[in-house]
Each structure stands twice: as C-alpha cells, then as structure tokens.
Amino acid sequence: MKRRLVVGLDAAADLREATGTAGFDLPRVASLAELAGAGGVRLTLGEEMFPISEADLRDTARAIRGLELRMPPIPVLVKSALEARPERVLLASAPRDGRRSAPLEFSAWGDAVPPVIRTLEEAGIEVAVSVAPDIQAVKGAHAVDAKAVELFTSSLVDLPPRERAEALTALGDAARFAAKLGMRVGVGGRLDERQLPVVLDAAPIAEWAAVGRAWVGRSLLLGIERTTRDLRSAVA
C-alpha cells in the first residue's frame with residue numbers, strides 16, 4: 001500500500017496574518033507542496049472564512065489537484081466545498097479555543113451529518129470524518145454512513161509512556177475495527193517526523209497521514225521540497 005502524505009497549510013495562513021504579509025501566496029505554497037510529492041494539501045474552513053479566505057480557497061482549488069478541506073458540517077461551508085470541488089472533505093468540529101483540530105462531536109451535530117455526507121458524495125467528493133482514536137467513535141462514524149475516518153492523534157502525543165502505550169493500542173484497535181467495517185482509515189493531529197513512525201506502527205492500515213504545523217515549521221528551516229521528501233519517507 002502506498003500511503004499518502006497530506007500537508008495542512010493552516011499554520012502558513014496563521015503566519016501570514018501574524019506578520020501582516022499581504023503578498024504571502026498560499027496557493028503557491030500549495031503548488032510547491034504538491035510538486036514536491038505531497039499526496040494532498042489541506043485547508044481548514046470556518047464559518048467566518050478566516051484566516052483561510054474565500055479567495056484562498058478559490059485560488060488554491062485552481063492551483064492544485066489534491067485539495068482537501070477540513071470543516072464542520074454546516075450548509076454555508078458545504079456550499080463552498082461544492083464550488084471548490086476538493087478531492088476530499090474531512091468533517092470535524094468547528095475551530096474553538098485557538099484550536100483548529102478537533103474530532104467531530106456526533107452528539108452535537110445530531111442528524112445533520114448524514115445529509116451532508118450524501119450531498120458531497122453525490123457531487124463526487126470523498127468524505128472522511130475526524131474521530132477520536134477509539135472503537136466507540138468509529139461506531140459513531142459508521143452510524144452516520146461515513147465511509148472513511150481520520151483517527152485524531154493529538155491527544156496521545158504528550159501522554160506519559162505507559163498511558164501513551166495504552167492509547168496507541170486503542171488507536172490500532174480502532175483502525176482495525178474501522179477497516180473491518182469497510183471504512184478507509186487515516187491518521188492526523190500534531191504529527192511530526194518523530195511521531196509518525198510510532199503512530200503508523202500502531203495503525204499500519206492507515207492509508208494517509210496528515211501533518212500540519214510540523215510541515216510548515218520544517219519548511220521554513222529546510223525548504224518545502226526537502227521537508228516534503230523527508231515526511232514522505234516517514235509515512236512510507
């Protein structure tokens with residue numbers, strides 16, 4: 001299996017806002033990442049369309065083939081996704097408390113999720129759901145007719161060794177259970193070159209791995225081409 005590296009550009013958009021660099025070309029960064037071998041490039045959309053703007057979305061969609069969007073399942077963003085025609089949409093909770101990444105809370109969204117999945121899939125857009133790395137969360141995704149899940153790894157990165165080992169075991173169990181249900185599996189959430197081998201060893205069935213801030217940070221130091229090449233090797 002050839003596992004895909006998905007790079008997230010949200011930290012690049014944050015850097016643009018923090019520095020006030022109006023000429024920072026997010027679509028060009030996306031193009032360079034794709035040319036360097038990234039299997040997908042991900043943008044996170046919020047209802048306020050900030051810091052990823054409508055222009056960012058439109059221009060990036062034109063610039064690359066492997067666009068992915070992470071977003072909550074709300075109508076205005078579904079409309080944006082249908083217009084942008086990304087390769088994949090990752091449904092996740094709305095950004096809050098300074099965090100863009102959070103698993104989808106099925107209890108909060110109720111019956112809103114299945115119609116969103118159907119609408120996007122009928123338009124030819126693959127849909128995955130961001131879920132906690134446990135079997136119950138995978139069951140929740142399966143119950144809303146999701147055909148793919150991305151297991152959210154952020155919570156296990158800083159755990160003490162014993163607890164982390166237990167969390168990695170739970171991650172592997174969740175990945176295998178999802179595959180048994182016929183769902184595609186990916187991983188993402190605070191992954192970097194050190195965490196990737198550990199997480200993928202626990203969940204070797206994962207078809208993709210998403211890296212965001214670590215990709216942006218290393219790219220500033222080492223360049224986009226080398227960073228992407230190094231991370232591709234880590235996910236292989």
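The values are calculated or read from the model by the stated rules, or taken from the named source; none is laboratory data. In this text the structure is predicted, and so the values were computed from the model without any measurement. Heads up, the Cβs are rebuilt from the backbone with ideal geometry, glycines too, and the neighbour counts pull from every protein chain shown.
Would you be able to say whether some residue in region 42-53 is among the polar types (S, T, N, Q), surrounded by 16 or more Cβ atoms within 10 Å (Cβ to Cβ) and touching a Lys or Arg at 6+ places or on another chain (Cβ under 6 Å)?
Checking region 42-53: at least one residue is among the polar types (S, T, N, Q), surrounded by 16 or more Cβ atoms within 10 Å (Cβ to Cβ) and touching a Lys or Arg at 6+ places or on another chain (Cβ under 6 Å).
Of all residues in region 204-218, how many are touching an Asp or Glu at 6+ places or on another chain (Cβ under 9 Å) and either free of Cβ contacts under 8 Å to residues at least 60 places away in the same chain or of a type in the set (Val, Ile, Thr) (or both)?
The total comes to 4.
Kindly list the number of the only condition in (1) in contact with an Asp or Glu (Cβ under 7 Å, 6 or more places away or on another chain); (2) in contact (Cβ under 8 Å) with a residue 60 or more places away in the chain; (3) not aliphatic (A, V, I, L, M) that fails for Glu126.
(2)
Residues that are of a type in the set (A, V, I, L, M, F, W, C), out of contact with any helix residue (DSSP H, G or I) (no Cβ under 8 Å at 6 or more places or on another chain), within 25 Å of Asp201 (Cβ to Cβ) and modelled with pLDDT of 95 or more: does region 123-130 have at least one?
Within region 123-130 (the criterion being of a type in the set (A, V, I, L, M, F, W, C), out of contact with any helix residue (DSSP H, G or I) (no Cβ under 8 Å at 6 or more places or on another chain), within 25 Å of Asp201 (Cβ to Cβ) and modelled with pLDDT of 95 or more), the answer is yes, since at least one residue qualifies.
Would you mind stating whether Ser107 is among the polar types (S, T, N, Q), in a helix (DSSP H, G or I), modelled with pLDDT under 95 and farther than 17 Å from Gly8 by Cα?
Here the answer is yes, as Ser107 does meet what is asked.
Within the bounds of region 59-69, is there any residue that is closer than 23 Å to Val235 by Cβ, in a strand (DSSP E or B) and among the small types (Gly, Ala, Ser)?
no
Being acidic (Asp, Glu), surrounded by 13 or more Cβ atoms within 10 Å (Cβ to Cβ) and at pLDDT 95 or above is the requirement here; does Glu87 meet it?
Spelling it out, Glu87 is indeed acidic (Asp, Glu), surrounded by 13 or more Cβ atoms within 10 Å (Cβ to Cβ) and at pLDDT 95 or above.
Name the residues in region 4-55 that are under 18 Å from the mean Cα position of the chain (by Cα), more than 17 Å from Pro95 (Cα to Cα) and in a loop (DSSP other than H, G, I, E, B), would you?
Gly37, Ala38, Gly39
Is region 91-101 home to any residue that is among the charged types (D, E, K, R), surrounded by fewer than 21 Cβ atoms within 10 Å (Cβ to Cβ) and farther than 24 Å from Glu48 by Cα?
Scanning region 91-101, I find no residue that is among the charged types (D, E, K, R), surrounded by fewer than 21 Cβ atoms within 10 Å (Cβ to Cβ) and farther than 24 Å from Glu48 by Cα, so the answer is no.
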